[in-house]
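Before any comments, here is the structure.
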Amino acid sequence: MNIPVEVKPDFIERVARRGDPVGAVEELIWNGLDADAEEISVEIESNDLDGIDSITITDTGHGIPADSVHPAFSGMGGSWKKNAKGTNNRGRQLHGRHGYGRFRVLALGSTASWVTVANWPTARTHTTVRFSDGASVFDLEGSRLTEEEPGTTVRVVGDAPRKNRLLSERVRFELTSRFAAYLSKYPDIKISWRGQQLDPSEVIYRQDEYALDLDDAGTAAARDMTSAGPVLRIVEWSTKPQKRELLICDDQGVHRLTLSTGIQAPDFNFTAYILWHRLRNLSEYDSLDGEFEIDDTPLGRVVKAARDQMRIHFRMRESERTKEQVERWIQEGVYPYSGLPGSDVEVAERATFDDVAVFLSHHFKGGKQARRTQLVLLSEALRRQPTSISKVLEDLFSLSVAQKEQIERLVSRASLGNIVAANAQTVDRVDFLALLRNLLYEPEAKWELRERDQLHRMLEKELWIFGDEFSSAVSETGLTEALERHLAILEGTAPRRNSRRPVRRADGRSGRLDLMLSGVTGADKNKRHLIVELKRPSLTLTEKELAQLRSYAFTVVSDDRYKHDEKTRWDFWLIGNTIDEALEWQIKGSGLPPNCVQDDGRVGLWVFRWGQILDMCEERVRKTQERLNYASSVALAAEYAERVHADANVIPLLPPA
């Protein structure tokens, strides 16, 4: 006894996919292409209420012969297309496989009719088939002879929940993107939507292809484009699509199913295609199993490789687009920067500005002067408030949530973090220089400032004053400890604490160094030590202070344990507010660079006024300070002293704010 299979309404409901009228139109177009149609047109009849009365899809394919109509409409599955190598006449790649795509008409209306004309062995037949919502049978009205040209016309009328979406102007573009790969393969085919031909070349801005080679991790790698592996095609459109999609296609460009792109590429209008001969037997119903979203499955690895390559592609495109737009701004004279960046900080700042400005470029309105003003405002906002830039821009422009998130992503890159840190560092340095000038030169402060527990204590935290190359320092250390420290650096060991042999000056006395800084310089990474002898601002430097410094230097070069080291550079600085005439005469008569008293290539002795040191430091921060348009004050210097140097207790020495 045979048990017939009965099709229930809930199954028809599932395959109809009523919420996707565009997909239903696409399915009916594919049916025409599978019938070797060269021309397919879709027309819509509207009513007085701006709704849709009917949708008609006409193709010039070979139609359905009279003796094939019954099996074509009565079966569920078992489509002849599943085992066919191609279309009947032209051998083109087939789309349909499952044998129930005809139920998609229910997404377009409640009643559908198929009028098909086909060649029969000795004549040409005209056949009409009808189907209504709620039924599980198709009505065959019979066949008659005709002289009409072969082809099929599907007309759908009646209600469908979302069919009015077809009135949107974007539907033509959506269909163009779905058929772009196929039309590129078969350019003689003509598909028209409401009287307008689908022509991908009209809306394609750019097209790139990448061969996907699947390694064990499923990532994309280089592969010969002539081999039979999967290919990723990325089509960027000149107009914005309804949504961005990753279309799974066979090698002929026949669309099998649709996935999300799965990547973030804001402000790029694109559709991505995976083309591969192994995808020929798939359909949209295969996506229900979710295999494409599981990385350790064969199909999942293909999708993962494609998404990885898309991320690489759009990072490259972001860079290209930024360069192109910046060049246009430069040519227009609206770009807020001139010349080349002068520092790593400026390089990072410009790179971040370029990324954010290009992302917001369509928000810049008005003439040349207005756009320049907007770009200048953006550059200033990035300089002054980089971490809160999205809030600043929200006040200037109407930004979507996605746009604000993208801006936050752009400005959170490491390069901008460097800008924030560098700007904060510059402000701190400007404030400290202002603090130091007040303490050294204000009449009351210069007499009250103490060397060891105030001046030394602050400078221990501000080693940059003597050069950014110094990475470590010790304060108020004896000669023995200092030279043991140097020996440890040479030998790569910890300083020895026991069994020391004391290091003595030539007169037999011990010595204490105010500051000993250590670092490496140059391409050869040579070691350098800087010994700084600080004197209170009220003291005038004389030959007596220089003699003390010279005795320290002599002790270093003459000690048996260290004098063999010819690669380490030792510099000794004597720093004070004023220098007496005798010492000034000796410095100028040395014949050495300014401020240098003695230099044998290994050891150098230098005498500086504090004013010279501060001038050199201010020159180092000048460019960044000017860019920030920042000026310190007594109040700001006092605030910095309280925040960083509270242990030195110097605020009472400052003049009133």
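Taking Ile587, is it in a helix (DSSP H, G or I), at pLDDT 85 or above and open to solvent by less than 20 Å² (accessible area, probe 1.4 Å)? For Ile587, the condition - in a helix (DSSP H, G or I), at pLDDT 85 or above and open to solvent by less than 20 Å² (accessible area, probe 1.4 Å) - is met. Scanning the stretch 620-640 for residues that are modelled with pLDDT under 85 and outside any loop (DSSP other than H, G, I, E, B) turns up Lys623, Thr624, Gln625, Glu626, Arg627, Leu628.
Listed residues Leu382, Leu393; which is surrounded by 19 or more Cβ atoms within 10 Å (Cβ to Cβ), at pLDDT below 80 and touching a Lys or Arg at 6+ places or on another chain (Cβ under 9 Å)?
Values: Leu382 fails: touching a Lys or Arg at 6+ places or on another chain (Cβ under 9 Å).
Of Leu382, Leu393, the one residue that is surrounded by 19 or more Cβ atoms within 10 Å (Cβ to Cβ), at pLDDT below 80 and touching a Lys or Arg at 6+ places or on another chain (Cβ under 9 Å) is Leu393.
Among the residues of the stretch 93-137, the ones that are assigned to a loop (DSSP other than H, G, I, E, B), open to solvent by less than 40 Å² (accessible area, probe 1.4 Å) and either modelled with pLDDT of 85 or more or acidic (Asp, Glu) (or both) come to 4 in all. Could you please let me know if Asp50 is touching a residue at least 12 places away in the same chain (Cβ under 8 Å) and open to solvent by less than 20 Å² (accessible area, probe 1.4 Å)? Taking the combined requirement at face value, the residue does not satisfy it.
Being in contact (Cβ under 8 Å) with a residue 60 or more places away in the chain and either farther than 18 Å from Leu247 by Cα or not in a loop (DSSP other than H, G, I, E, B) (or both): is that true of Ser184 here? Spell out how you get there, then give the answer.
Details: in contact (Cβ under 8 Å) with a residue 60 or more places away in the chain: yes; either farther than 18 Å from Leu247 by Cα or not in a loop (DSSP other than H, G, I, E, B) (or both): yes.
Considered against the rule, which asks whether it is in contact (Cβ under 8 Å) with a residue 60 or more places away in the chain and either farther than 18 Å from Leu247 by Cα or not in a loop (DSSP other than H, G, I, E, B) (or both), Ser184 comes out as yes.
A Cβ distance below 7 Å, combined with a sequence gap of six or more or placement on separate chains, defines the contacts here; from the stretch 439-453, residues that are assigned to a helix (DSSP H, G or I) reach residues that are open to solvent by 90 Å² or more (accessible area, probe 1.4 Å) in the pairs Glu451/Arg536.
Of a type in the set (Ser, Thr, Tyr) and open to solvent by 50 Å² or more (accessible area, probe 1.4 Å), is that true of Tyr630? Yes.
Among the candidates Gln403, Gln374, single out the residue that is modelled with pLDDT under 85, closer than 20 Å to Pro266 by Cα and part of a helix (DSSP H, G or I).
Just a single option satisfies the conditions, and that option is Gln403.
Just to be sure I understand, how many residues within the stretch 594-619 are in a loop (DSSP other than H, G, I, E, B), in contact with a strand residue (DSSP E or B) (Cβ under 8 Å, 6 or more places away or on another chain) and at pLDDT 90 or above? Of the residues in the stretch 594-619, 1 are in a loop (DSSP other than H, G, I, E, B), in contact with a strand residue (DSSP E or B) (Cβ under 8 Å, 6 or more places away or on another chain) and at pLDDT 90 or above.
The single condition from (1) modelled with pLDDT of 90 or more; (2) exposed (fewer than 13 other Cβ atoms within 10 Å of the Cβ) that Arg643 fails is (1).
For residues that are in a loop (DSSP other than H, G, I, E, B) and open to solvent by 40 Å² or more (accessible area, probe 1.4 Å), scanning just the stretch 263-278, find the one that is nearest to Val171 (Cα to Cα). Before the answer, list the steps.
The initial filter retains those residues of the stretch 263-278 that are in a loop (DSSP other than H, G, I, E, B), namely 263-269, 276.
Still in the list and also open to solvent by 40 Å² or more (accessible area, probe 1.4 Å): 264, 267, 269.
Values: Gln264: 24, Asp267: 20, Asn269: 15 Å.
The selected residue is Asn269.
In the stretch 220-260, the residue that is modelled with the lowest pLDDT out of those that are surrounded by 18 or more Cβ atoms within 10 Å (Cβ to Cβ), over 22 Å from Asn281 (Cβ atoms) and touching a helix residue (DSSP H, G or I) at 6+ places or on another chain (Cβ under 7 Å) is Ala220. Once the stretch 3-44 is narrowed to residues that are open to solvent by 70 Å² or more (accessible area, probe 1.4 Å) and either at positive phi or assigned to a loop (DSSP other than H, G, I, E, B) (or both), the residue that is modelled with the lowest pLDDT is Val5. Residue check: is Glu619 under 45 Å from the mean Cα position of the chain (by Cα) and either without any contact (Cβ under 8 Å) to a residue 60 or more places away in the chain or exposed (fewer than 14 other Cβ atoms within 10 Å of the Cβ) (or both)? When the stated conditions are applied, Glu619 passes them. One residue alone among Pro161, Pro187 is in contact with a Lys or Arg (Cβ under 7 Å, 6 or more places away or on another chain) and open to solvent by 80 Å² or more (accessible area, probe 1.4 Å), and that residue is Pro161. For the stretch 164-176, taking the residues that are touching a helix residue (DSSP H, G or I) at 6+ places or on another chain (Cβ under 8 Å) and within 20 Å of Arg104 (Cα to Cα), the one that is most open to solvent (accessible area, probe 1.4 Å) is identified as Arg165. Residue count for the stretch 527-554 satisfying the condition of being assigned to a loop (DSSP other than H, G, I, E, B), touching a residue at least 40 places away in the same chain (Cβ under 8 Å) and not small (Gly, Ala, Ser): 4. Pairing residues of the stretch 631-656 that are over 15 Å from Arg429 (Cα atoms) with residues that are among the basic types (Lys, Arg), at Cβ distances under 6 Å and at least 6 apart in sequence or on separate chains, gives Ala648/Arg457.
The values are calculated or read from the model by the stated rules, or taken from the named source; none is laboratory data. Bear in mind that the values here come from a model prediction, so they are computed numbers and not experimental data. Please note: Cβ atoms are built from the backbone with ideal geometry, for glycine as well, and neighbour counts cover all protein chains shown. The protein model used for the area step is the full one, side chains on, heavy atoms only, and it has no ligands, DNA or RNA in it. Shrake-Rupley method; radii C 1.70, N 1.55, O 1.52, S 1.80 Å.
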